[in-house]
Structure formats: structure tokens, C-alpha cells
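One structure below.
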Amino acid sequence: MISPILILILITLVFAGGCAAVFRFKSHKAIMLVPVVTSLVVSVLAGFWGLKLYQEGPFLFFYGQMIIDSLAIFHIILVNILFTASSAYMIDYFKKINTYDKKPMFYRKRYVALWLAFHAMLLLVLVSNNIGLIWIALESTTLVSSFLILSEKNSLSVEAMWKYLLVCSIGIALAFIGTVLVIATAHALPSNDAVYTFSELQLNASKLDPSLMLFAFIFIVVGFGTKAGLAPMHTWLPDAHSQAPSPVSALFSGVMLNCALFAIMRYLPIVDTAGGSGYAHSILLFFGFTSITIAMVFIPIQRDLKRLLAYCSVEHIGIIALCVGLGGFGSVVALFQTLNHSLAKMLAFFSAGSIINHYGTREMKNIAGVLKRMPLWGIAFLISMFVLIGIAPSSIFLSEFMLVRTAFTNGNYITLAFFLIGALVIFIPMLKFTLDIAYGKTDEAIKPYTQKVSLWNKIIIMSCFLEFIIFGLWLPEPLMHFLKSAASIIEHGIKL
């Protein structure tokens, strides 16, 4: 079996080699193929971590500062899937960009280098066992990804970048306060090199001050929750999504929000074991309620297609927080919802990006009849939106049905009622927007989409369709077992 540290070194070298290669290539196709190849190689290398986990169980490496367990592997798989698909999609996407500060080739090189750095930092978040390292990694994702928002040299793009950078930096600063409070609580533990790791804190959680840990958790949820897009700290999200290139928007919604929430999940069992008495779960329920409420208010009044998808992300990240807040089987539902939402939102942004490029506008009132003008991307948009609003039989319908059943079984009737009302209020305008875009009266000035859809994009679309249908009708036992294994870490912490 290959050493986990050797795998880490190889992954680092792959990213470094990719960045170096980008600045040596001179053709568009070669430059844009680099992240595809890099993502595939990293996925294979990370697979060895998964194989070791399957054979030996959770393990530490790099002097105990990094960890691989079911929760980490679940998110690593999801990150690599979305980066590979998004890298393939953006090959065609960027063919449409002819000018950027009169240096389109330089823009693409810079963009791909930042893209690779973003991928690397997100993986660092997921393997971090040290509470300081995970904070540094998440802050690094903010610094790297902020420049990816600059899709065009215009004031709105620059404003969105600075708003994202400012709001998320404030959130990360609050998370830093929470991290310092955890360190202060852990100061009473026997001193060793691993005392500030999640595994060690979990092992000694009963010795920690419960009040101080709960206070620290509030800062951590607000801080990392800002990055996760939880309301009311979500204010950066609509602007960033609307101005960023569609592949970046797909990663923000499908990957980055999950990784920020992942950091909160690492702390949750420690706070509970320390004596949180369920308050930690109540905090997540509160932010889940708030996020769904914000989505209920703002989704019906949206006019911009990508902002609509952004508020849809606020809704779904709120649903995931709600599931984790329910506890027990709710954590399994949270991970299943994470998987389904990531794939559906990725396809929604891909199709929306292609539609916007063809119609030349993000205003939904000016987009209609996409099924007639762009059949394949129109179908992809229609199906992905149907999945996001939970139409049966789709994967998100099943995960939300599981949420309803869990809330009912646990006796959380207020949570159940609130979720059902929120889902209905959001369902109606989302369905209307979707049908208007898909079947609305077509402007004859808009020519039919004549460009050939690449094989890569066809594979992505069909793969997503299969996931939506199969996981909407049947949840395979191996997948359920894997989800339960990952969910047990959310509930009970790291067990080595």
C-alpha cells in the first residue's frame, strides 16, 4: 500500500506541475485541458486514500495533523467529481471569450492557475485534522477563489469580488475567534503535539469546559457559516454567483459551501460530548430556518437567472443545516442531500451558462423558449431545475422525503411544518420561472443554437440524469452504508 504521505506529496506535485505547464502552453485547448488531466490524476491518487480507509479504517498521517475518514472521503470524492466535470465544461465555455483586457490568453492562464490552487486548498480543508490548519485552508480558498469571480473587466464584477472577499474575511475572522476559544479550552489538557487536533479533542471532549466550547461553537458556526452561505451571513453569495463564470458558480455552490459546512461538522460532536446538551444542534436548526426563510422571501422576486440559482443554494444549504440539526438519521439525510444538490446545481449552472452565452443576457424576462432554441441544454436546464425544486421521482425528492420522515419520527413537528411550508412557497415561483424559460414565447431575433455540444458535456448531462433518476427511485445498500459511516462521524466524532 502506498504511504499516505507519499500520496499527499504526489498530489502536491501534480498541482504544482499543472500550474507550471499552464504558463508554458500557448494554445487554448492545451491550457484548458490541464485542469481536466490534473483533476483525473488527483482523483486516482486520492482513491488510494479511500482504499486504505476501506481496508484499515480511519487513519492519521503527516504527524497526526491530517486525517482520512469516511466523512473526508465522501467530500473528497464529491470535490474531485465536480472539479473534473467543471474543468471539462469550461473548455467550450471559454471558447466564447475573445477579449479580456486585450489579453485573452493571459486571462485563461491566470484563471487555470487559480483554479488548480482552489482545488488544492479545498482538498487541504478536507484532510485537515488540525484546527488551525483547517482555518488557514479555508481562508486560503477565499483569497484564491476571489479572483476567479472576475469574469469580465467591469465594475459589477470587481464589486462582487470585493464584497465576497470582505464578507468572507469577516466570517473567517469570527471563525478565528472561535478557534482561539477552543485552544483556550484545550489548554487544560495534557500538552502534546496533537492536542489541537479534532481527533485528540474528541478523545478528551468530556474534559473541556462545556460553556466555553458552546460559546466557541457559535463563533465557528457564524464564521464558517458565512463561507457556507448560511443566512443571514449569505450576502456575498448572490453577487458572486451572478458575476462569476458559470463553472466557478458551479464550484461555489456544489463544492465550496459544502467544505465550509464540513468544518462545522468536525466541531459538532466535540461540542456535544463536552456537554452541549443539544444546544449545538439547535444553533444549526436556527440557521437552517433562517436560510430557508431568506430563500422564501427573495426567490419570488428574482429577475437574474444566476441570482435565482444563488438563492436556491441558500435554500439548500439551509436544508442541509436543518438535517444536521435534527441529529441521528438526519445526518445521513444531510450527506445524501449534499450529494444530490451538488450534482443538480452543477448541471443547472452549466446549462444556465450556456443559455446566457447564447441569449446574451441574464434577465429571465428576456430568456424564453430554450427547449426550441437549445434542445439539449434546454432539457438539461429543465431537468436540473425540476430536481432542485424536488419534483418526484428525483434524488432530491427522495432526500427531502427522508427529511420529512426523520422530522416526523423524531417528533420535530415545528421543524417539519416549517420545512413543508418553505418548500411549497419556494416551489411555486421556481416552477414558474423554469417553465417560462423552457416553454415561453421565443423571440424570433434569437437564432437557434447551432454549436455542437461536446462529447464531454453530453457525458456530464447523461451522468447527472442517471443520478437524478436512479437515486430518486433506489438508494443502493453500499451507498447507504457509506453515508451512515460518514454520518456517524458527524454525530459521534472521529473514532480511531
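Mind counting the residues in the stretch 238-269 that are aliphatic (A, V, I, L, M), out of contact with any Lys or Arg (no Cβ under 9 Å at 6 or more places or on another chain) and either at pLDDT below 95 or under 30 Å from Thr361 (Cα atoms) (or both)?
Residues in the stretch 238-269 being aliphatic (A, V, I, L, M), out of contact with any Lys or Arg (no Cβ under 9 Å at 6 or more places or on another chain) and either at pLDDT below 95 or under 30 Å from Thr361 (Cα atoms) (or both): 3 in total.
Could you tell me whether any residue of the stretch 244-259 is hydrophobic (A, V, I, L, M, F, W, C), over 21 Å from Tyr311 (Cβ atoms), in contact with a helix residue (DSSP H, G or I) (Cβ under 7 Å, 6 or more places away or on another chain) and not in a loop (DSSP other than H, G, I, E, B)? Step through it out loud before you land on a result.
Residues of the stretch 244-259 hydrophobic (A, V, I, L, M, F, W, C): 244, 248, 250-252, 255-257, 259.
Cutting the leftovers down to over 21 Å from Tyr311 (Cβ atoms) gives us none.
No.
What are the residues in the stretch 370-381 that are surrounded by fewer than 19 Cβ atoms within 10 Å (Cβ to Cβ) and touching a helix residue (DSSP H, G or I) at 6+ places or on another chain (Cβ under 8 Å), if any?
Leu371, Lys372, Leu376, Ile379
Tally the residues that are part of a loop (DSSP other than H, G, I, E, B) and free of Cβ contacts under 8 Å to residues at least 60 places away in the same chain, restricting the search to the stretch 26-46.
Initial filter on the stretch 26-46 (part of a loop (DSSP other than H, G, I, E, B)): 26-27.
Then keep just the ones that are free of Cβ contacts under 8 Å to residues at least 60 places away in the same chain; that gives 27.
So the answer is 1.
Would you tally the residues in the stretch 141-174 being surrounded by 21 or more Cβ atoms within 10 Å (Cβ to Cβ) and of a type in the set (Phe, Trp, Tyr)?
Counting residues in the stretch 141-174 that are surrounded by 21 or more Cβ atoms within 10 Å (Cβ to Cβ) and of a type in the set (Phe, Trp, Tyr) gives 1.
Which one of Leu181, Leu166, Leu156 is farther than 30 Å from Ser70 by Cβ, assigned to a helix (DSSP H, G or I) and over 21 Å from the mean Cα position of the chain (by Cα)?
Leu156
Report, by residue number, each residue of the stretch 271-289 that is of a type in the set (Ser, Thr, Tyr), surrounded by fewer than 19 Cβ atoms within 10 Å (Cβ to Cβ), in a helix (DSSP H, G or I) and out of contact with any Leu (no Cβ under 7 Å at 6 or more places or on another chain).
Just the residues of the stretch 271-289 that are of a type in the set (Ser, Thr, Tyr), to begin with: 273, 277, 279, 282.
If we keep only those that are surrounded by fewer than 19 Cβ atoms within 10 Å (Cβ to Cβ) too, we end up with 277, 279, 282.
In the following step, the residues that additionally are in a helix (DSSP H, G or I) were identified as 279, 282.
Within the stretch 271-289, Ser282 is the sole residue that qualifies.
Within the stretch 476-496, can you find the residues that are surrounded by 17 or more Cβ atoms within 10 Å (Cβ to Cβ) and at pLDDT 90 or above?
If the condition is that a residue be surrounded by 17 or more Cβ atoms within 10 Å (Cβ to Cβ) and at pLDDT 90 or above, then Phe482, Leu483, Ser485, Ala486, Ala487, Ser488, Ile489, Ile490, Glu491, Gly493 are the ones that fit.
Exactly one of (1) under 30 Å from Phe289 (Cα atoms); (2) buried (at least 24 other Cβ atoms within 10 Å of the Cβ); (3) modelled with pLDDT under 95 is unmet by Ile367. Its number?
Of (1) under 30 Å from Phe289 (Cα atoms); (2) buried (at least 24 other Cβ atoms within 10 Å of the Cβ); (3) modelled with pLDDT under 95, only one is false for Ile367: (1).
Might you let me know whether the stretch 221-234 holds any residue that is over 26 Å from Phe74 (Cβ atoms) and modelled with pLDDT under 95? Break it down stepwise before answering.
Filtering the stretch 221-234 down to residues over 26 Å from Phe74 (Cβ atoms) leaves 232.
Subset that is modelled with pLDDT under 95: 232.
Taking every residue of the stretch 221-234 in turn, at least one turns out to be over 26 Å from Phe74 (Cβ atoms) and modelled with pLDDT under 95.
Within the stretch 105-134, work out how many residues are assigned to a helix (DSSP H, G or I), in contact with a Phe, Trp or Tyr (Cβ under 6 Å, 6 or more places away or on another chain) and under 22 Å from Ile270 (Cα atoms).
So the count comes out to 1.
Is it the case, given these coordinates, that Phe336 is closer than 17 Å to Pro245 by Cα and modelled with pLDDT of 95 or more?
no
If we keep just the residues of the stretch 375-408 that are of a type in the set (S, T, N, Q), part of a helix (DSSP H, G or I) and touching a Gly at 6+ places or on another chain (Cβ under 9 Å), which is nearest to Phe349 (Cα to Cα)?
Ser395
The conditions are (1) surrounded by fewer than 16 Cβ atoms within 10 Å (Cβ to Cβ); (2) closer than 25 Å to His241 by Cα; (3) free of Cβ contacts under 8 Å to residues at least 60 places away in the same chain; (4) of a type in the set (Ser, Thr, Tyr), and Ser454 fails exactly one of them. Which is it?
Checking Ser454 against (1) surrounded by fewer than 16 Cβ atoms within 10 Å (Cβ to Cβ); (2) closer than 25 Å to His241 by Cα; (3) free of Cβ contacts under 8 Å to residues at least 60 places away in the same chain; (4) of a type in the set (Ser, Thr, Tyr), the one that fails is (3).
Among the numbered conditions (1) more than 26 Å from Pro238 (Cα to Cα); (2) touching a Lys or Arg at 6+ places or on another chain (Cβ under 6 Å); (3) of a type outside the set (Asp, Glu), tell me where Ile183 comes up short.
Going through (1) more than 26 Å from Pro238 (Cα to Cα); (2) touching a Lys or Arg at 6+ places or on another chain (Cβ under 6 Å); (3) of a type outside the set (Asp, Glu) one by one, Ile183 breaks only (2).
Applying the selection to the stretch 471-487, what residues are without any contact (Cβ under 8 Å) to a residue 12 or more places away in the chain and assigned to a helix (DSSP H, G or I)? Write out each step before concluding.
Taking the stretch 471-487 as the starting set, the residues that turn out to be without any contact (Cβ under 8 Å) to a residue 12 or more places away in the chain are 474, 476-479, 481.
Result: Glu477, Pro478, Leu479, His481.
Any chance the stretch 72-80 includes a residue that's closer than 28 Å to Trp377 by Cα, at pLDDT 85 or above, among the polar types (S, T, N, Q) and surrounded by fewer than 24 Cβ atoms within 10 Å (Cβ to Cβ)?
yes
Sort out which residues of the stretch 350-364 are in a helix (DSSP H, G or I) and either within 10 Å of Leu305 (Cβ to Cβ) or among the hydroxyl-bearing types (Ser, Thr, Tyr) (or both), and write them in order of number. Explain how you work it out, then say what you get.
Within the stretch 350-364, the subset in a helix (DSSP H, G or I) is 350-359, 364.
Within the stretch 350-364, Ser351, Ala352, Gly353, Ser354, Ile355, Ile356, Tyr359, Met364 qualify.
Would you pick out the residues in the stretch 306-331 that are in contact with a Leu (Cβ under 6 Å, 6 or more places away or on another chain) and surrounded by fewer than 24 Cβ atoms within 10 Å (Cβ to Cβ)?
none
Report the residue count in the stretch 272-285 for those that are under 24 Å from the mean Cα position of the chain (by Cα) and of a type in the set (Val, Ile, Thr). Write out each step before concluding.
Initial filter on the stretch 272-285 (under 24 Å from the mean Cα position of the chain (by Cα)): 280-285.
After this cut, where a residue has to be of a type in the set (Val, Ile, Thr) as well, the list is 283.
Total meeting the criteria: 1.
So if I check each of Leu60, Leu6, Leu82, which one is closer than 18 Å to Val127 by Cα, assigned to a helix (DSSP H, G or I) and touching a Leu at 6+ places or on another chain (Cβ under 8 Å)? Before you say what the answer is, go through the steps one by one.
Details: Leu60 fails: assigned to a helix (DSSP H, G or I); Leu6 fails: touching a Leu at 6+ places or on another chain (Cβ under 8 Å).
Only one candidate passes the filter, namely Leu82.
Among the candidates Ala344, Ala310, Ala321, which residue alone is closer than 18 Å to Lys484 by Cα, among the hydrophobic types (A, V, I, L, M, F, W, C) and within 16 Å of the chain's Cα centre (by Cα)?
Residue meeting the stated conditions: Ala321.
The values are calculated or read from the model by the stated rules, or taken from the named source; none is laboratory data. Just so you know, these numbers come straight off a predicted model, no measurement behind them. Virtual Cβ from ideal backbone geometry, glycine too; neighbours counted across all protein chains shown.
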